[in-house]
Amino acid sequence: MSRATGLVIMSTADHCLVDDLAGGLHRCRLRGRRASRPVCGDRVRWTPGAPDGVIDGIEPRRNLIERGDFRGRPRALVANVDRLVIVVAPEPAPDSLLVDRYLVLARTLAIPMLLWCNKQDLVDRPSAQTLNTLRARCHRLDIPVLAGSTTTGAGLPALRDQTRGETIILVGQSGVGKSSITQALIPALSLRIGEISATSGQGRHTTSETTLFRRDDGGALIDSPGVRTLRLDHLGSEAVDQAYPEILEAAGACRFRDCRHDREPDCGVREGLAAGAIEPERFENWRRLRRETDTADTAERGG
Ligand SMILES: Nc1nc2c(ncn2[C@@H]2O[C@H](COP(=O)(O)OP(=O)(O)OP(=O)(O)O)[C@@H](O)[C@H]2O)c(=O)[nH]1
Ligand SMILES: [Mg+2]
Ligand SMILES: [Zn+2]
């Protein structure tokens with residue numbers, strides 16, 4: 001049988017699901033146990049077969065999103081993504097540190113972002129103020145912000161337009177509405193989402209596998225399982241710093257080049273905080289992420 005090109009729409013430990021780009025989905029396994037595992041979004045060469053096809057190789061990747069596993073080692077999640085869409089909502093209450101973690105990840109890979117504020121039909125919730133803070137912050141960082149609701153349909157055409165032709169991945173906490181957005185943007189595939197997701201204890205459908213759905217505009221949408229946190233140790237402290245341009249800029253005015261912005265005299269960052277140029281929450285998030293990556297940097301040097 002001849003080799004064909006396909007698109008990996010889902011990948012688990014021992015097999016993956018390949019879209020043959022001609023209307024068929026095929027379960028494929030890896031050629032050997034040592035073969036590198038394709039991830040969702042990978043273009044692959046594969047050989048059809050029964051019951052499973054075989055993956056022969058992975059085409060070069062434009063980018064690869066990895067997160068730290070429980071030991072902090074990088075683990076590949078998805079490849080070839082055009083935009084990271086961070087989904088937040090009034091319910092569950094937004095987690096600004098998690099948003100910053102995604103920001104670090106996207107910036108370091110130079111992947112454009114978008115903040116989607118979902119469940120706008122619930123904006124009378126107390127946490128809506130937190131959402132407004134996040135929106136203003138993203139504006140300052142030149143990250144596009146859109147808001148809407150999958151319940152009312154508000155804002156969805158704008159999301160569709162702004163991401164036309166792109167391969168986007170929806171990320172965020174569990175329950176913010178990533179799968180609901182997927183269903184709203186790709187209605188023909190709603191059945192497949194139901195098949196793929198498992199039902200949680202509360203009778204909710206919670207996504208268990210990162211899955212790609214092709215859109216009729218040539219792009220694709222990747223639905224991912226909700227997360228509580230995202231380990232970034234493997235990225236190092238410089239990756240953290242470049243996601244905080246306001247802190248980097250203020251640090252230029254610190255008297256000491258190795259200033260920790262703690263109790264040192266003539267600290268530009270503490271002055272920036274006092275003057276309101278740096279948000280206290282951003283500074284706290286930066287400190288938290290730097291503590292994590294600094295520990296990893298030290299461990300790498302064997303210190
Ligand atoms: N009020 C309101 N509820 C929504 C909206 N969008 C989604 N929901 C509800 O929020 C709940 C969670 O939605 P999902 O789409 O499963 O959320 P998810 O982000 O995919 O969750 P995980 O798969 O666990 O990560 C469901 O009960 C949805 O009906 C919205 O715009 N407004
Ligand atoms: Mg989901
Ligand atoms: Zn300083």
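The values are calculated or read from the model by the stated rules, or taken from the named source; none is laboratory data. Note that the structure is a prediction, hence the values are computed from the model and not measured. Glycine also receives a Cβ, built like all others from the backbone with ideal geometry; neighbour counts cover every protein chain displayed. Heavy atoms of the whole protein, side chains included, go into the accessibility calculation; ligands, DNA and RNA do not. Shrake-Rupley method; radii C 1.70, N 1.55, O 1.52, S 1.80 Å.
Near residue 220, the amide H atoms lying under 5 Å from its own belong to 166, 167, 168, 215; only residues 5 or more places off or on other chains count, and H is placed 1.01 Å from N.
Taking square-rooted eigenvalues a ≥ b ≥ c of the alpha carbon gyration tensor, is the chain rounded, prolate or oblate, where a/c under 1.5 means rounded and, failing that, a/b exceeding b/c means prolate? Verdict is oblate for the chain.
Remark: accessible surface ordering of 211, 150 (largest first) is 150, 211, probe radius 1.4 Å.
State to the nearest 20 debye the size of the charge dipole of the chain about its Cα centre, where the only charges are +1 on K and R beta carbons and -1 on D and E beta carbons.
On the way: 43 positive and 40 negative charges, 145 e Å.
The dipole magnitude comes to about 700 debye.
Below 12 angstrom from the Cβ of residue 141, what's the summed charge of the other residues (Lys, Arg +1; Asp, Glu -1)? That sum, taken over residues with Cβ under 12 Å, equals +1. When a 1.4 Å probe is rolled over the protein heavy atoms, the share of accessible surface on region 236-300 that falls to carbon and sulfur comes to 47 percent. Under 5 Å between amide hydrogens, built in the peptide plane, is the criterion, and for residue 78 it picks out 65 among residues at least 5 positions away or on other chains. The Cβ shell under 14 Å around residue 116 holds other residues with a net charge of +2, Lys and Arg each +1, Asp and Glu each -1.
Seen through its C-alpha gyration tensor, with square-root eigenvalues sorted a ≥ b ≥ c, region 87-130 comes out prolate because a/c lies at 1.5 or above while a/b is bigger than b/c. Sorting 116-122, 222-228 by average packing, meaning the other beta carbons within 10 Å per residue, from highest down gives 116-122, 222-228. Extending 7 Å from Cα along the Cβ direction at residue 205 and again at residue 34 yields two label points whose distance is 4.2 nm.
By the beta carbon rule, with partners counted only under 4.7 Å, the chain holds these lone Cys residues: 16, 28, 40, 117, 138, 267. Taking amide H positions as modeled 1.01 Å from N, with prolines and chain starts lacking one, no residue 5 or more places away or on another chain lies under 5 Å from residue 109.
Would you calculate a helix-derived [θ] at 222 nm for the chain, using -39,500 (n - 2.57) for each DSSP H run of n ≥ 4 and dividing by the full residue count, to the nearest 500?
Result for the chain, helices only: -8500 deg cm²/dmol.
Take the Cβ atoms of residue 256 and residue 127, set R0 to 30 Å, and the FRET efficiency comes out at 0.15.
Once the C-beta distance of residue 188 and residue 140 is scaled by a Förster radius of 35 Å, the resulting FRET efficiency is 0.35 to the nearest 0.05. Shape analysis of region 64-223 places it in the rounded category; the axes a ≥ b ≥ c from the Cα gyration tensor give an a/c below 1.5.
Rolling a 1.4 Å probe across all protein chains gives residue 36 an accessible area of roughly 90 Å².
Residues in the chain average 50 Å² of solvent-accessible surface per residue, probe 1.4 Å, ligands and nucleic acids excluded.
Taking the Cβ of residue 264 as the center, what net charge do the other residues with Cβ under 12 Å away carry, scoring Lys and Arg +1 and Asp and Glu -1? After counting each charged neighbour, the total is +1.
With all protein chains present, how much of the accessible area of region 4-58 (probe radius 1.4 Å) comes from carbon and sulfur, to the nearest whole percent? Exposed carbon and sulfur together represent 50 percent of the surface.
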